[in-house]
1. Which residues in segment 125-150 have a backbone N closer than 18 Å to a point placed 7 Å from the Cα of residue 115 along the Cα-to-Cβ line?
2. From the square roots a ≥ b ≥ c of the eigenvalues of the alpha-carbon gyration tensor of segment 1-152, which class results: rounded (a/c under 1.5), prolate (a/b over b/c), or oblate?
3. Quick check: at a probe of 1.4 Å, how many percent of the accessible area of segment 51-163 sits on carbon and sulfur atoms?
4. For segment 134-204, report the accessible area per residue in Å² (1.4 Å probe, heavy atoms, rounded to an integer).
5. Put 73, 90, 67 in order of accessible area, largest first, 1.4 Å probe: what do you get?
6. With viscosity set to 0.890 mPa s and temperature to 25 °C, compute the Stokes-Einstein D of segment 98-169, Rh being the Kirkwood radius across alpha carbon pairs; µm²/s, no decimals.
7. Taking a cut-off of 18 Å between Cα atoms, list the lysines near residue 137, but don't count ones fewer than 8 places away on the same chain.
8. For residue 179 paired with residue 26, estimate the spin-label separation in nm (one decimal), with each label point 7 Å from Cα along the Cα-to-Cβ line.
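The values are calculated or read from the model by the stated rules, or taken from the named source; none is laboratory data. Only a predicted model underlies this, so the values are computations on that prediction, with no experimental measurement involved. Don't worry about glycine lacking a Cβ; one is built from the backbone with ideal geometry, like all the others, and counts go over all protein chains shown. Protein only, heavy atoms only, side chains kept; ligands, DNA and RNA dropped before computing areas. Shrake-Rupley method; radii C 1.70, N 1.55, O 1.52, S 1.80 Å.
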Amino acid sequence: MTTSSSERGVSLGMPELPAPSYPDDVRARLETDAREVIARYPDSRSALLPLLHLVQSEEGHVTRTGMRFCADMLGLTTAEVTAVATFYTMYRRRPSGDYQVGVCTNTLCAVMGGDAIFEELQEHLGVGNGETTDDGKVTLEHIECNAACDFAPVVMVNWEFFDNQTPGSAKRLVDDLRAGRPVTPTRGAPMCTFKETARVLAGFPDERDGAVESGGSAGHASLVGLKLAKGEAAPARVVHPRGEAARTEAPHDPSPTEHLSSHDAPQDTSASDPAHPAGPAAEEGE
């Protein structure tokens, strides 16, 4: 016995119509920008990623119209463009907010409080992962590692860093964004909308006053690690175990055999602690 398509819940509707074109004035402006981008590459196909950012800066996400535009400009099929646009998470496939608030929930940030931040923001904003607030201001999502583990837990807004966050500070952050109050990232350029960010990622200069100069460099915590690796760190500050009075010693540069921190010091084990000698390992089932 066979079942019909309707009985199987399969829709056999009409094929999707081709995407509409941009209005003439918008297309003319985008074509000018697109040609500037394409001219930077020896192979026009290589311009696809920045062109997707360009069309995203127009509508806030990559639409079927935007993908058709990219295909036309690069001599590609819409299937080839779609394959790229759906692969990279930086390209949004549906309308989203002015501010993309991403909470890192990868291992270190999660352990340091990222999971708690994400859960409280969902409740505070009344949205789930990938959803946007009713006012269109904030889209919330959990994201993978931001390569900023020195500053965990980290929240990013339109790819700008907000380090060492707590549930309370994260809620104040999204409240300020929704209210239009000034927000300053921990590191990097001043805050701007997602569309403005997308245009910069497309390869066009950030023309806001002082934006480039305030880009900054690596944060203090990262630079300390770099100095340690180069042997340029200041004398170590020894952290004594709890309950043990600190000894008064003149600062000195640690030798290669000295530990830089009490966290690195060897701990008592059965082999080094006479009060707890190691016994023979029990066989399975004993």
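1. 129, 141-146
2. Numbers: a/c = 1.99, a/b = 1.21, b/c = 1.64.
Cα axes put segment 1-152 in the oblate bin.
3. Details: 2410 of 4850 Å².
About 50 percent, which is the carbon plus sulfur part of the accessible surface.
4. Working: 3210 Å² over 71 residues.
Roughly 45 Å² per residue, with all protein chains present.
5. Values: 73 45, 90 65, 67 10 Å².
Reading off the accessible areas and sorting them downward yields 90, 73, 67.
6. Numbers: Rh = 11.8 Å.
The estimated diffusion coefficient comes to 208 µm²/s.
7. Reachable lysines: 171, 195.
8. That separation, rounded to one decimal, is 3.4 nm.
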